[in-house]
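Working notes, structure below.
The values are calculated or read from the model by the stated rules, or taken from the named source; none is laboratory data. Quick caveat, the model's predicted, so the values are computed rather than measured. Cβ placement follows ideal geometry from the backbone for every residue including glycine, while neighbour counts extend to all protein chains displayed.
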Amino acid sequence: MKSKWLNNQNNENIIVFFNGWGMDEKIVEHLLYGNYDVLMFYDYRTFEEIKFDFSKYKNKYLIAWSMGVIVSSLYYEIFNGFDKKIAINGTLKPINDEYGIPVLIYNLMIENFNEISSEKFVKKISSGNNTKEYCTRSMTDLKEELINIKNVNPTRLIEFDKAIVSLKDRIMPAKNQIKYWTQQNIEVEKKEGLHSIFDQITNWGNLI
């Protein structure tokens, strides 16, 4: 797993962002930071200990998108105590016929993964984007990440405060997401749009 400061200006507020599969900062680079420091985690081919000290921040927020939702729970002890925890177009059972991406579809994606399927994925996540805009990593890296995410099994699950669900999500069916979070008694905010909602907003504060 890799980390990158998107903004580090000694603000009193921090957003820790767990990105989705295959992504880097390009998908959120247009967002204004306001008075938030923003630390991003991504590239889930491996998982290492997180050594950042968040105690200096007055207000701490976790935003996890897509497969980042389940990955963030690997670090339950660090992030479950944050002031607000928001899941975007993901669940804590992300590869599941009822609550996430159907198992067969995920397995077929691994089995048939290539540059063409990667570009198809990008086309599905967000409207109006160049198909190669977010495919900046190698096909080998992306497939390894797909496989590793499938094996993620946290011992404890983060207790999210809110779930944002795109009603036209073509990656993780909205009905599966809504069913999952409703059963967890979590606030569900429904939005129009596709799997990525970031092209619908202008700044990080819109998500809090």
Exercise for the section: Would you point out the residue of segment 146-180, among those that are touching a strand residue (DSSP E or B) at 6+ places or on another chain (Cβ under 9 Å) and in a helix (DSSP H, G or I), that is surrounded by the fewest Cβ atoms within 10 Å (Cβ to Cβ)? Expected result: Lys150
Exercise for the section: With the condition kept exactly as written, say whether any residue in segment 65-83 is surrounded by 22 or more Cβ atoms within 10 Å (Cβ to Cβ), touching a Leu at 6+ places or on another chain (Cβ under 8 Å), in contact (Cβ under 8 Å) with a residue 60 or more places away in the chain and β-branched (Val, Ile, Thr). Expected result: yes
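Answer yes or no as to whether Asn185 is among the polar types (S, T, N, Q), out of contact with any Asp or Glu (no Cβ under 9 Å at 6 or more places or on another chain), in a loop (DSSP other than H, G, I, E, B) and at positive phi. Lay out the reasoning, then the answer.
Values: among the polar types (S, T, N, Q): yes; out of contact with any Asp or Glu (no Cβ under 9 Å at 6 or more places or on another chain): yes; in a loop (DSSP other than H, G, I, E, B): yes; at positive phi: yes.
When the stated conditions are applied, Asn185 passes them.
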Completion exercise
When segment 7-40 is checked residue by residue, the ones that are among the aliphatic types (A, V, I, L, M), modelled with pLDDT of 95 or more and within 30 Å of Ile110 (Cα to Cα) are Val16, Leu39, Met40
Exercise for the section: List every residue pair whose Cβ atoms sit under 9 Å apart, with the two residues 6 or more apart in sequence or on different chains, where the first one lies in segment 1-30 and is over 22 Å from Asp83 (Cα atoms) and the second, anywhere, is of a type in the set (Lys, Arg) and surrounded by fewer than 16 Cβ atoms within 10 Å (Cβ to Cβ). Expected result: Asp24/Lys2; Asp24/Lys4; Glu25/Lys4
Problem - segment 4-51, subset crowded, with 22+ Cβ neighbours inside 10 Å and hydroxyl-bearing (Ser, Thr, Tyr), residue nearest to Asn153 (Cα to Cα) - result: Tyr44
Completion exercise
Scanning segment 99-127 for residues that are hydrophobic (A, V, I, L, M, F, W, C) and outside any helix (DSSP H, G or I) gives Ile101, Phe113
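Specify which of the listed residues (Asn151, Asn176) is free of Cβ contacts under 8 Å to residues at least 40 places away in the same chain, within 20 Å of Asn107 (Cα to Cα) and within 17 Å of the chain's Cα centre (by Cα).
Asn151 is the lone residue from the list that is free of Cβ contacts under 8 Å to residues at least 40 places away in the same chain, within 20 Å of Asn107 (Cα to Cα) and within 17 Å of the chain's Cα centre (by Cα).
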